[in-house]
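Peer 1: Starting off with a structure, shown below.
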Amino acid sequence: NQEVAAARSNYLKEFPVCVVCWNATATQVHEICRGTANRVLSIGEPATWLATCTDCNCNRLTNYAEWPIERQLAVKLRHDPERFNLATICRIRARAITSITLKDVVKYLEVV
């Protein structure tokens, strides 16, 4: 965590408002890839990050029925396209590159 703390802090400075609710200050970096093992791989990977408030990070984004990974990736694509990298997400999740397609993500762009 200490090795990437500066990069994550800079990310929150770049995105000071929660990109999920747009109603609160972004205080946490959410890792899109779920699970303990994936989080370890995601903690230093900006392609997996979303700037969020505590409520969205700890409550909203844990509701996988409402916020599947594809929807979270749509937020990433819309608000941080420079760091959007579907191949990196699939690699971290140890899935084939075709497990999530751009088509799967784009269908959520109207929602986010």
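Peer 1: What does the charge dipole of the chain about its Cα centre add up to, to the nearest 20 debye, if the Cβ of each Lys and Arg holds +1 and the Cβ of each Asp and Glu holds -1? List each step's numbers first, then the result.
Peer 2: Values: 14 positive and 11 negative charges, 49 e Å.
Dipole about the Cα centre, nearest 20: 240 debye.
Peer 1: Quick one: 3J(HN,Hα) in Hz for the stretch 40-50, Karplus 6.51/-1.76/1.60 with θ = phi - 60°, rounded, Gly and Pro as x.
Peer 2: These are the phi-based 3J(HN,Hα) values: 4, 6, 8, 4, x, 10, x, 5, 9, 8, 10 Hz.
Peer 1: For the stretch 23-86, what is the accessible area per residue in Å² when the probe is 1.4 Å?
Peer 2: Details: 2880 Å² over 64 residues.
Counting only protein heavy atoms, the per-residue value for the stretch 23-86 is 45 Å².
Peer 1: Send over the Kirkwood Rh of the stretch 11-59, from the inverse of the averaged 1/r over different Cα pairs, rounded to one decimal Å. Walk me through the numbers on the way to the answer.
Peer 2: Numbers: mean 1/r = 0.0932 Å⁻¹.
For the stretch 11-59, inverting the mean 1/r across all distinct Cα pairs yields 10.7 Å.
Peer 1: Between residue 49 and residues 5 or more places away or on another chain, which pairs have amide H atoms under 5 Å apart, with H built 1.01 Å from N, and which residues are they?
Peer 2: Here 32 satisfy the definition.
Peer 1: Do any chymotrypsin sites (Phe, Trp or Tyr not before Pro) in the stretch 42-112 lie in a loop, going by DSSP, with at most 12 other beta-carbon atoms within 10 Å of their beta carbon, and if so which?
Peer 2: On the way: sites: 49, 64, 84, 108; in loops: 64, 84, 108.
Those that pass, being in a loop and sparsely packed, are 64.
Peer 1: Which one of 90, 77, 2 is farthest out on the positive end of the charge dipole of the chain, using unit charges on Cβ (Lys, Arg +1; Asp, Glu -1) and the Cα centre as origin?
Peer 2: Working it through, the farthest residue towards the positive pole turns out to be 90.
Peer 1: I would also like to ask the following. Work out which GluC sites (Glu not before Pro) in the chain are exposed loop sites (DSSP not H, G, I, E or B, at most 13 other Cβ within 10 Å) and give the longest gap free of them. Walk me through the intermediate numbers first.
Peer 2: Working: sites that count: 3, 66, 82, 110.
Formally, the longest exposed-site-free interval is 4-65.
Peer 1: Compute the length gained on full extension between residue 14 and residue 2: take 0.36 nm times their separation in residues and subtract their Cα-Cα distance, giving the result in nm to one decimal.
Peer 2: Details: separation 12, 0.36 × 12 = 4.32 nm, distance 1.92 nm.
Value of the extension gain: 2.4 nm.
Peer 1: Here's a follow-up. How many nm separate the modelled label positions at residue 62 and residue 110, each set 7 Å beyond the Cα in the direction of the Cβ?
Peer 2: Once both label points are built, they end up 3.2 nm from each other.
Peer 1: Ok, one more. What are the aspartates and glutamates whose alpha-carbon lies under 19 Å from the alpha-carbon of residue 103, with same-chain residues fewer than 8 places away excluded?
Peer 2: Candidates past the 8-residue exclusion: 66, 70, 80, 82.
Peer 1: Run the helix sum for the chain: -39,500 (n - 2.57) per DSSP H stretch of 4+ residues, divided by residue count, reported at 222 nm to the nearest 500 deg cm²/dmol.
Peer 2: Numbers: 6 runs with 45 residues, N = 112.
Mean residue ellipticity at 222 nm (helix-derived): -10500 deg cm²/dmol.
Peer 1: Report in % the part of the accessible area of the chain that belongs to carbon and sulfur, leaving out ligands and nucleic acids; probe 1.4 Å. List each step's numbers first, then the result.
Peer 2: Values: 3220 of 6100 Å².
Summing carbon and sulfur atoms, their accessible area is 53 percent of the total for the chain.
Peer 1: Mind checking the alpha-carbon convex hull of the stretch 40-93 and giving the volume per residue in Å³?
Peer 2: Measuring per residue, one finds 85 Å³ for the Cα hull of the stretch 40-93.
Peer 1: If you average 1/r over every pair of different alpha-carbon atoms in the chain and take one over that average, what Kirkwood value in Å do you get?
Peer 2: Numbers: mean 1/r = 0.0717 Å⁻¹.
Kirkwood radius, the chain: 13.9 Å.
The values are calculated or read from the model by the stated rules, or taken from the named source; none is laboratory data. Quick caveat: nothing in here was measured; it's all calculated off a predicted structure. No Cβ is skipped: glycine too gets one built from the backbone with ideal geometry, and neighbour counts run over all protein chains shown. Keep in mind that these areas ignore ligands, DNA and RNA; they rest on the heavy atoms of the full protein, side chains included. Shrake-Rupley method; radii C 1.70, N 1.55, O 1.52, S 1.80 Å.
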